[in-house]
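The block underneath contains the structure these notes are about, expressed in structure tokens.
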Amino acid sequence: MNHVVVSTDLCKACRLCVEACPKHCLELGSAINALGHQAVRFDSQECTACGMCFYVCPEPGTLTVMKGTA
Amino acid sequence: MVKHAKPKGFYDVFERKSQDFPAGETTHYCPGCGHGTVHKLIAEALVDMGLQDRTIFLSPVGCAVFGYYYFDTGNIQCAHGRAPAVGTGVARSLDDAVVISYQGDGDLAGIGTAEIVHAANRNENMAVFFVNNAIYGMTGGQMAPTTLLGQSTTTSPLGRKSEREGGPIHMAEVMSALEGPIYIERCTLSSPAGVMKTRKAVRKALTNQSEKRGFSFVEILSPCPVGWKMTPVQSRSWMASSMESVFPVKRFRDEEAAPKGNGRLPFLDDGALRDLVGAVANEVPTKVSTLSQDLGVKIAGFGGQGVMSAGILLANAAIHEGLHTTWLPSYGPEMRGGKANASVVLSSDAVGSPVVDVPQALLAMNGPSLDAFENHVVPGGLVMVNSSLISRKVERRDVRVFEAPVSDLAAEAGFLKGANIVMLALFALESGVIGIQTLKEIIPKSMKNKDLVEINLRLVDVAEEFHGRE
């Protein structure tokens, strides 16, 4: 199943991926990460692996988009 | 299956942040900064297009100064604004290099305006990514050349006003006014669609660059949430509502251009170079003279009297005789009528300095020249005076003086402008430093106007006759 792997400690919580996702699959969590941010988390069945979150994210390694496999 | 992941164009570990946790995995950029997104688009494209190992990435001064910590490519960090000049050198010396000049608006549109304009005008082979965030981000949000009218910054707290600070510079439009660039586009990171268009533009510019088609300029409107005092999401809305109406997002130029050469000059051997600069001396000296000491000669007069030509003739004659020599002209801004002098150094060995402060010989073609240099001549030196134009006597008693009315002698022979030749020939005869025969061999080779060869050779004869009488 399509999904997004979040490297939680690399997220700076800018929210751009949350705004960019056409299916609203991402949201900011409540836990505070190593950088002091409430990192984004993925929780959805709707992901199409379109990659919008990946491209708007300014951090190279925070988001990895997976297609198909669970 | 991984569809999108950290591109391999990045280093696995970012050394800049290797001391912090998470170790070496994040950038130094603020949350929501546009640089990270542009970096990602470039890093991804370099790998997808197979250009990574050919790439020389030029970092600017500004927030992107640490490009070399991120891009696993060749990297040069350039002096402020000078990346296009550095890129010119790289592009012209490495035929296969993919040259990326990554610059911000302070770097490119402020301190580096001259470099970018001239590199573009020459259509240098490079891809320029111009990240425009309308502010000086790294130094704390000061007004930039691209700051919008009314925009408040730390140095324009009342808002930028055109009467006071001028208006924002539209760099893509400036590029469009030049004939050089083959590709000019302005993109925006204000929306996911804008990011994807930017991705296309990055690839277009890199395609042009990998095929060496010329100068590509991609301006990318980019947010600086911290400098603008907005959240990352607010900053995207502000870009769409304010920035894009001032900086229209569009493609300005996309030319079908054939691959261009590297602009390098052809290889020229010594003979070709000699022909090109009109060198007249023989490759192989006709004889080898020696001098017991270096000889500094000052030939001085007013512009138009041929003091420079006389100096070149003397230097060429010296080369012809196997000596080392230099010729150094000195003259005012006016081409004719001003004060002029030529310094010629003759030596048996390599010449250390072409400057003649203390001449062994002074060839004074007019009064002011004698006034200016008489006292500089070394004791025991030779002072040659054009007595046609200099009525006074040489005051020094410790120098050898030779007076000759060289202007009159030349005029009587029918060629007043040849007074310099008469003077030079007399110097050759009086000093013995160069042979009169050498001078006669050099004159035909050095005269561009061949009609003047005969009269100039006759003037050497006139000098010989005069010297014989004296």
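Values for this structure:
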item	result
Single unsatisfied condition, B:G159 versus (1) within 14 Å of another protein chain (Cβ to nearest Cβ); (2) without any contact (Cβ under 8 Å) to a residue 12 or more places away in the chain	(1)
Residue list for the stretch B:368-400, filter: small (G, A, S) and more than 14 Å from B:A340 (Cβ to Cβ)	B:G380, B:G381, B:S387, B:S388, B:S391
The stretch B:378-429: number of residues that are open to solvent by 10 Å² or more (accessible area, probe 1.4 Å) and in contact with a His (Cβ under 8 Å, 6 or more places away or on another chain)	1
Residues being within 16 Å of B:G137 (Cβ to Cβ), of a type in the set (A, V, I, L, M, F, W, C) and open to solvent by 10 Å² or more (accessible area, probe 1.4 Å) - total across the stretch B:181-232	4
Single unsatisfied condition, B:T438 versus (1) under 15 Å from B:G418 (Cα atoms); (2) buried (at least 16 other Cβ atoms within 10 Å of the Cβ)	(1)
In the stretch A:2-13, the residues that are at the interface with chain B (Cβ under 10 Å from one of its Cβ atoms) and open to solvent by 20 Å² or more (accessible area, probe 1.4 Å)	A:N2, A:V5, A:S7, A:T8, A:D9, A:K12, A:A13
Subset of the stretch B:1-44 (residues that are more than 10 Å from chain A (Cβ to nearest Cβ), more than 23 Å from B:V86 (Cα to Cα) and assigned to a helix (DSSP H, G or I))	B:E15, B:R16, B:K17
Cross-chain or 6+ apart pairs with Cβ under 6 Å, the stretch B:23-35 first and at negative phi and touching a residue at least 40 places away in the same chain (Cβ under 8 Å), then among the charged types (D, E, K, R) and open to solvent by less than 50 Å² (accessible area, probe 1.4 Å)	B:P31/A:K12
Meets criteria (without any contact (Cβ under 8 Å) to a residue 40 or more places away in the chain, closer than 15 Å to B:A300 by Cβ and either surrounded by 15 or more Cβ atoms within 10 Å (Cβ to Cβ) or not β-branched (V, I, T) (or both)) for B:N375	yes
Filter result (touching a residue at least 12 places away in the same chain (Cβ under 8 Å) and within 7 Å of another protein chain (Cβ to nearest Cβ)) within the stretch A:58-70	A:P58, A:E59, A:G61, A:T64, A:V65, A:M66, A:K67, A:G68, A:T69
Sole exception among (1) away from every other protein chain (no Cβ under 14 Å); (2) under 30 Å from the mean Cα position of the chain (by Cα) for B:S242, by number	(2)
Considering residues of the stretch A:25-47 that are more than 11 Å from the chain's Cα centre (by Cα) and either facing chain B (nearest Cβ under 10 Å) or of a type in the set (A, V, I, L, M) (or both) only, the residue least open to solvent (accessible area, probe 1.4 Å)	A:N33
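The values are calculated or read from the model by the stated rules, or taken from the named source; none is laboratory data. Fair warning: this is a prediction, and the values are worked out from it, not measured in the lab. Neighbour counts are summed over all protein chains in view; Cβ atoms, including those assigned to glycine, are modelled from backbone coordinates with ideal geometry. For the accessible areas, the whole protein counts, side chains as well, though only heavy atoms, and no ligand, DNA or RNA atoms are used. Shrake-Rupley method; radii C 1.70, N 1.55, O 1.52, S 1.80 Å.
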